[in-house]
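Q: Have a look at the structure that comes next, please.
The values are calculated or read from the model by the stated rules, or taken from the named source; none is laboratory data. The structure displayed is predicted, hence computed values, not measured ones. Here the Cβ positions follow ideal geometry from the backbone for every residue, glycine too, while neighbour counts run over all protein chains shown. Each accessible area value is taken on the protein alone, full model and side chains, heavy atoms only, with ligands, DNA and RNA left out. Shrake-Rupley method; radii C 1.70, N 1.55, O 1.52, S 1.80 Å.
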Amino acid sequence: MSDANQPGQDAAEQEQKRPLTLGRSGGRLELRKPVETAQVRQSFSHGRSKAVTVEVRKKRTIGPGPAEPGRTEPVPAVAHDQQVHRPATAEPVRLGVVLPRALTDEERAGRARAVQDARKAEVEEQRLRALAEEGRRRQEEQRAAEEARRRAEEEVRKKAEEEEARRRADEDARKRAEEEAQRRKEEESRREVAERAGKAAAAKVAALAAAGKVAVPVEEEEEERAAAPRRGARPEAKRPAAPARRDEARRRTGKITVTRALTGDEERMRSLASVRRARERERLRLHHGDQEQVKIVREVVIPETITVQELANRMAERAADVIKALMRMGVMATINQVIDADTAELVVTEFGHRLRRVSEADVEIGLRGEEDAPEALGPRAPVVTVMGHVDHGKTSLLDALRETDVAGGEAGGITQHIGAYRVSLRSGKQITFIDTPGHQAFTAMRARGANVTDIVVLVVAADDGIMEQTVEAIRHAKAAQVPIIVAINKIDRPEARPDRVRQELLQHELVVEDLGGEVLDVEVSALKRTHLAKLEEAILLQAELLDLKANPNRPAAGVVLEAKLERGRGAVATVLIQRGTLRVGDIFVAGSEWGRVRALLDDRGNSVREARPSTPVEVLGLNGTPLAGDDFVVADSEGRARDIADFRQRRRREATVAAGTRGTLEQMFSQIAAGAAKELPIVVKSDVQGSLEAIVGSLEKLSTSEVSVRALHSAVGGINESDVILAKASKAVIVGFNVRANPQARELARRDNIEIRYYSIIYDLIDDIRNTLSGLLAPTLRERLLGNASIREVFNITRVGKVAGCMVTEGTMRRGAKVRLLRDDVVIHEGSLRTLKRFKDEVREVNQGYECGMAFENYQDIQTGDVIECFEVEEVARAL
């Protein structure tokens, strides 16, 4: 039975050892021990912590399941590996899996609290670590500060000790020198006494020998004579040698050291180098005999100012000799004093040297290079400047030629900036146009445009004729000696009369071809774009007659037409290249500024690599904003460009200071002579340099002997905080032309109540400042006669004084008005009325034909027959 059941038991055991599986739809689902992972934080002893991943393995629990009846199955226990057998009669047992039970709300809440507490603990731990790190950092900073302070105190202490040691050494040296001088003086006195005693003893012995009382051998006598001065005693008395005194000079023993030499314990000896030099001089003297030494004549470079020491070094002369020469000339100068070039020239001439005068301006010599050879010149495009009166169509004519709309973007419909454009014709030729403003304030711009141009196109409106700025443009063109082409614009208008324009040009010595002259004239219409080809043909014809040429194969040179300051691009200058070729990377000098070309832009904003003659370009890369009209030259090195710019800035600054000082003295004398003049200080900021120049020049013309405009500061760019601070300090008005203040400046001006005025049209700015100046003018006082009264009787009233009884003979007598007292038509008093009464009542005024009583304020000398004249003074506002 047991053998029969053995195979069954083995099969059961094998079945039990296999993993528990569950068949499902043809596949087998295996149940294994569940494995979960979690994150815990491991802390270390030194304050650090680390996140560690751990595995959480749950215990598999197998419970009893349903079993076949009449059969006992071994069931694994829950907590150990024993097998439990149940009888077959018992309830059927089946293998099964006990799933983990669901968590209760309390357990889930507890786990959530545990997670939150862990997170809070982690945050608190991070905060504590940050605080500890901050504390350590502060301690390190404190230690570093303490160390720096300690080092500074140590350095101060060392310096003080060194200074004290130096002072003590100087004091000791001085004392030693005094003691040495005293010792030498005493030694010399003892030597003189000994010599006198020896001479006296020798004379006495000689006298005794001559008398025959003493016989002295000849050899002994000579020995005694030789030894007597040394002993300082009588010849016949031999004294023992006295020991040397401490203060007497002793023979030096041992080696000489640095310490002994510096402390001066022993007498200083002559150096070997000095002995060698003396021997060499003696040898040369014996070798050359009495020959005279040949003086070396040097070439001495003398700048505008030089110190005495530097002049002596350049001449290789002693500074003391130079000072003596200056003293003989009557110039008392020290070795570090600066003398002028004329005085230095006299000194150099006296010492027999050649001189060469130099100046700071020599740094500009050779900057523009040499003149070009005729064979190196090539043809270039003509430069044409368009000039004329305001609103005569200059910019519109250029827009028609370039097919653009520049005039549409101008504020107020007028041009307020100088512009340069390049126009390419259908024939392939090119023309460079320069557009100038027509307003009267832009005189400098028009003059600058006429000076850099080849041809001037004078635009005259056919319906308006010759105007003020047209005449000014003609004068500028004649002063520049350039040919003029007259463009009669607006011929499309019904009231256009071109013949009248030609007749008016005769008054200014411009005779057109139709009237037998040589001046070309073209009737055009910028609005209808008519006869533009004729104008281009006339320009090209005039250019051919001029035969314009330039050398493109050399460093560039030109002129700055306009300059401005842009955000993100810095200082930008519009340059007209006159000769040479400008390339990206060239180093240049523009007036008192220098820079390196970072980019080149043409008139349409396109980037180019180079610019040839007669080409207008915008140059980026300046270190500052130059002035309009400054020269533009490419330099050979950055060092020379920097030196030239520094020299020009220094010269401009000195000129500005000199002009300011001269103006201050003139104002002081004028105020002394005619009283204090009222002044309107302003700060001017503009978008471009040309407009800034025109604004400042126009405002200065508004000044009179009574009121004046003083530009405290004028620059290109937006209004910043420094402008507001300057205006606050000087109580000035800030004027911005086509610029605005940044947010910081606006807030500062609002807080300090500083007025900022913005303008986009120049004549609005000038009119506004003119009205402001008119308000500063003292009003005109105008006297208006009210009436006359004749004194009929004078009454003397107690506690009141004299009262005049009067009859109003003319006009009205009014209380509060000014009065004059006339006696025989002579004014003897002028003042005000104290009272004006009609009977016993105080009245405001008394008309003609009525009687009244009047009393003067602080005046009693009135008589019968005097006339009282009543008048009032009106203030009339003045205008510039």
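Q: What single numbered condition from (1) among the polar types (S, T, N, Q); (2) open to solvent by less than 40 Å² (accessible area, probe 1.4 Å); (3) free of Cβ contacts under 8 Å to residues at least 60 places away in the same chain fails to hold for Thr349?
A: With respect to (1) among the polar types (S, T, N, Q); (2) open to solvent by less than 40 Å² (accessible area, probe 1.4 Å); (3) free of Cβ contacts under 8 Å to residues at least 60 places away in the same chain, Thr349 is out only on (2).
Q: Find the residue count for segment 469-490, including only residues that are touching a residue at least 40 places away in the same chain (Cβ under 8 Å) and open to solvent by less than 20 Å² (accessible area, probe 1.4 Å).
A: Residues meeting the conditions: 7.
Q: Now for a separate question. Given Asp767, Asp752, Asp824, which one is exposed (fewer than 15 other Cβ atoms within 10 Å of the Cβ) and on the phi > 0 side of the Ramachandran plot?
A: That would be Asp824, the only listed residue that is exposed (fewer than 15 other Cβ atoms within 10 Å of the Cβ) and on the phi > 0 side of the Ramachandran plot.
Q: While we're here: If you take the residues of segment 352-368 that are surrounded by 15 or more Cβ atoms within 10 Å (Cβ to Cβ) and assigned to a loop (DSSP other than H, G, I, E, B), which of them is farthest from the chain's Cα centre (by Cα)?
A: As a first pass, look at segment 352-368 and keep what is surrounded by 15 or more Cβ atoms within 10 Å (Cβ to Cβ): 353, 355, 363-364, 367.
If we keep only those that are assigned to a loop (DSSP other than H, G, I, E, B) as well, we get 353, 367.
Numbers: His353: 44, Leu367: 26 Å.
So the residue we want is His353.
Q: Within the bounds of segment 417-432, is there any residue that is at pLDDT below 80, closer than 30 Å to Glu468 by Cα and polar (S, T, N, Q)?
A: No, segment 417-432 contains no residue that is at pLDDT below 80, closer than 30 Å to Glu468 by Cα and polar (S, T, N, Q).
Q: Now for a separate question. If the requirement is being within 20 Å of Leu397 (Cβ to Cβ), surrounded by fewer than 22 Cβ atoms within 10 Å (Cβ to Cβ) and not acidic (Asp, Glu), which of these qualifies: Leu541, Leu548?
A: Details: Leu548 fails: within 20 Å of Leu397 (Cβ to Cβ).
After ruling out the rest, the residue left standing is Leu541.
Q: In this structure, is Glu875 over 18 Å from Val800 (Cα atoms) and either open to solvent by less than 50 Å² (accessible area, probe 1.4 Å) or in contact with a Lys or Arg (Cβ under 7 Å, 6 or more places away or on another chain) (or both)?
A: Criteria not met by Glu875.
Residue-wise test of (1) open to solvent by 40 Å² or more (accessible area, probe 1.4 Å); (2) basic (Lys, Arg); (3) touching a residue at least 24 places away in the same chain (Cβ under 8 Å).
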site: Asn788; (1), (2), (3): no, no, yes
site: Glu793; (1), (2), (3): yes, no, yes
site: Thr809; (1), (2), (3): yes, no, yes
site: Arg820; (1), (2), (3): no, yes, yes
site: Asn847; (1), (2), (3): yes, no, yes
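Q: Hey, could you check segment 528-552 for residues that are touching a helix residue (DSSP H, G or I) at 6+ places or on another chain (Cβ under 7 Å) and part of a loop (DSSP other than H, G, I, E, B) and say which is modelled with the highest pLDDT?
A: Asn551
Q: Here is a further query. Tally the residues that are open to solvent by less than 10 Å² (accessible area, probe 1.4 Å) and of a type in the set (Gly, Ala, Ser), restricting the search to segment 378-394.
A: Residues that pass the stated criteria total 1.
Q: Among residues belonging to segment 615-632 that are open to solvent by less than 10 Å² (accessible area, probe 1.4 Å) and free of Cβ contacts under 8 Å to residues at least 60 places away in the same chain, point out the one that is nearest to Ser424 (Cα to Cα).
A: This residue is Val617.
Q: Among all residue pairs at least 6 apart or on different chains, which show Cβ distances below 8 Å where the first residue, located in segment 103-114, is open to solvent by 60 Å² or more (accessible area, probe 1.4 Å) and the second is modelled with pLDDT of 85 or more and not in a helix (DSSP H, G or I)?
A: Close Cβ pairs (under 8 Å, with a partner that is modelled with pLDDT of 85 or more and not in a helix (DSSP H, G or I)) do not exist here.
Q: In addition: Out of all the residues in segment 322-341, which are in a helix (DSSP H, G or I) and surrounded by fewer than 13 Cβ atoms within 10 Å (Cβ to Cβ)?
A: Lys324, Met327, Arg328 - these are the residues of segment 322-341 that are in a helix (DSSP H, G or I) and surrounded by fewer than 13 Cβ atoms within 10 Å (Cβ to Cβ).
Q: If you don't mind, another one. Return the only residue of Glu375, Glu317, Glu310 being modelled with pLDDT of 90 or more, open to solvent by 40 Å² or more (accessible area, probe 1.4 Å) and assigned to a helix (DSSP H, G or I).
A: Sole residue among the options that is modelled with pLDDT of 90 or more, open to solvent by 40 Å² or more (accessible area, probe 1.4 Å) and assigned to a helix (DSSP H, G or I): Glu310.
Q: Still on this structure: Determine, yes or no, whether Val460 is open to solvent by less than 30 Å² (accessible area, probe 1.4 Å) and part of a loop (DSSP other than H, G, I, E, B). Give the steps one after another, and end with the answer.
A: Details: open to solvent by less than 30 Å² (accessible area, probe 1.4 Å): yes; part of a loop (DSSP other than H, G, I, E, B): no.
Judged against the criteria, Val460 is not a match.
Q: Among the candidates Arg652, Arg612, single out the residue that is among the charged types (D, E, K, R), touching a residue at least 40 places away in the same chain (Cβ under 8 Å) and within 30 Å of Glu679 (Cα to Cα).
A: Arg652
Q: Still on this model: Is there any pair linking a residue in segment 688-703 that is polar (S, T, N, Q) to one that is in a loop (DSSP other than H, G, I, E, B), with Cβ under 6 Å and at least six apart or on different chains, and which?
A: Gln689/Leu627; Gln689/Ala628; Ser691/Gln416
Q: Please specify each residue of segment 835-844 satisfying the condition of being open to solvent by 70 Å² or more (accessible area, probe 1.4 Å) and within 15 Å of Phe871 (Cα to Cα).
A: Arg844
Q: If you don't mind, there's one more thing I want to ask. Determine which member of the set Ile766, Ile754 is in contact (Cβ under 8 Å) with a residue 24 or more places away in the chain, under 60 Å from the mean Cα position of the chain (by Cα) and in a loop (DSSP other than H, G, I, E, B).
A: Criteria check complete, one pass: Ile754.
Q: In segment 680-703, what count of residues is obtained for those that are in contact with a Leu (Cβ under 9 Å, 6 or more places away or on another chain), hydroxyl-bearing (Ser, Thr, Tyr) and assigned to a helix (DSSP H, G or I)?
A: Selection size over segment 680-703: 1.
Q: Next up: For residues that are part of a strand (DSSP E or B) and closer than 23 Å to Asp643 by Cα, tally how many sit in segment 591-632.
A: If we filter segment 591-632 for residues that are part of a strand (DSSP E or B), which is where we start, we get 593-601, 607-608, 610-611, 615-622, 631-632.
If we keep only those that are closer than 23 Å to Asp643 by Cα too, we end up with 593-598, 619-622, 631-632.
Number satisfying all stated conditions: 12.
Q: Could you please give the count of residues in segment 513-527 that are at pLDDT below 85, within 24 Å of Leu397 (Cα to Cα) and open to solvent by less than 70 Å² (accessible area, probe 1.4 Å)?
A: Selection size over segment 513-527: 1.
Q: When you scan segment 730-745, do you find a residue that is in a helix (DSSP H, G or I), modelled with pLDDT of 85 or more and open to solvent by 30 Å² or more (accessible area, probe 1.4 Å), even just one?
A: Yes, because at least one residue in segment 730-745 is in a helix (DSSP H, G or I), modelled with pLDDT of 85 or more and open to solvent by 30 Å² or more (accessible area, probe 1.4 Å).
Q: So Phe588 fits all but one of (1) at pLDDT 85 or above; (2) part of a strand (DSSP E or B); (3) within 25 Å of Leu397 (Cα to Cα); what number is the exception?
A: (3)
Q: Just need a number here: residues in segment 558-594 that are surrounded by fewer than 22 Cβ atoms within 10 Å (Cβ to Cβ) and of a type in the set (Ser, Thr, Tyr).
A: 2
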